[in-house]
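Peer 1: Take a look at this one; I'll ask things after.
The values are calculated or read from the model by the stated rules, or taken from the named source; none is laboratory data. What you see is a predicted model; the values in this text were computed from it and never measured. Note that each Cβ is placed from the backbone with ideal geometry, even for glycine, and that neighbours are counted across all protein chains shown. These accessible areas exclude ligands, DNA and RNA; they are computed on the full protein's heavy atoms, side chains included. Shrake-Rupley method; radii C 1.70, N 1.55, O 1.52, S 1.80 Å.
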Amino acid sequence: MDKENIHDLQRKARNDNDRKKILLMADYLCHHPGQSTVPDPYYGNDSDFELVIELLEDACEGLLEEMIHNEI
């Protein structure tokens with residue numbers, strides 16, 4: 001869900017067309033301007049995990065809207 005994950009996936013992609021399909025969940029955020037990634041809360045506290053859930057719920061909502069809009 002962060003830039004490191006993107007780089008790992010891009011290295012494994014078969015070609016440029018596949019690389020273009022790799023996006024961050026944060027690309028679908030609607031209500032968290034300026035948030036460029038979904039952070040890893042593993043070493044954080046409860047509020048860090050709560051932020052991740054909030055971001056993922058927001059991003060899932062944005063992804064669903066994108067899918068409906070583009071009829072994916």
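Peer 1: Which pairs turn up if I take residues in segment 41-69 that are in a helix (DSSP H, G or I) and look for partners that are open to solvent by 100 Å² or more (accessible area, probe 1.4 Å) and of a type outside the set (A, V, I, L, M) with beta carbon separation below 7 Å, at least 6 apart in sequence or on another chain?
Peer 2: Filtered contacts from segment 41-69: Asp58/His31.
Peer 1: For the subset of segment 48-66 comprising residues that are out of contact with any His (no Cβ under 9 Å at 6 or more places or on another chain) and either open to solvent by 70 Å² or more (accessible area, probe 1.4 Å) or of a type in the set (Phe, Trp, Tyr) (or both), which member is nearest to Lys21 (Cα to Cα)?
Peer 2: Glu66
Peer 1: For segment 1-16, what are the residues that are farther than 27 Å from Phe49 by Cα and either open to solvent by 70 Å² or more (accessible area, probe 1.4 Å) or under 10 Å from the mean Cα position of the chain (by Cα) (or both)?
Peer 2: Arg11, Lys12, Arg14, Asp16
Peer 1: In segment 17-24, is there at least one residue being exposed (fewer than 14 other Cβ atoms within 10 Å of the Cβ) and modelled with pLDDT of 95 or more? Break it down into steps so the answer makes sense when it comes.
Peer 2: Taking segment 17-24 first, the residues exposed (fewer than 14 other Cβ atoms within 10 Å of the Cβ) are 17-18, 20-21, 23.
Subset that is modelled with pLDDT of 95 or more: 17-18.
Among the residues of segment 17-24, at least one is exposed (fewer than 14 other Cβ atoms within 10 Å of the Cβ) and modelled with pLDDT of 95 or more, which makes the answer yes.
Peer 1: Next up: Filter segment 25-35 for residues that are under 27 Å from Arg11 (Cα atoms) and open to solvent by less than 70 Å² (accessible area, probe 1.4 Å) and give the result. Show your work before the answer.
Peer 2: The first filter runs over segment 25-35 and keeps only residues under 27 Å from Arg11 (Cα atoms), leaving 25-29, 34-35.
Met25, Ala26, Tyr28, Leu29, Gln35 - these are the residues of segment 25-35 that are under 27 Å from Arg11 (Cα atoms) and open to solvent by less than 70 Å² (accessible area, probe 1.4 Å).
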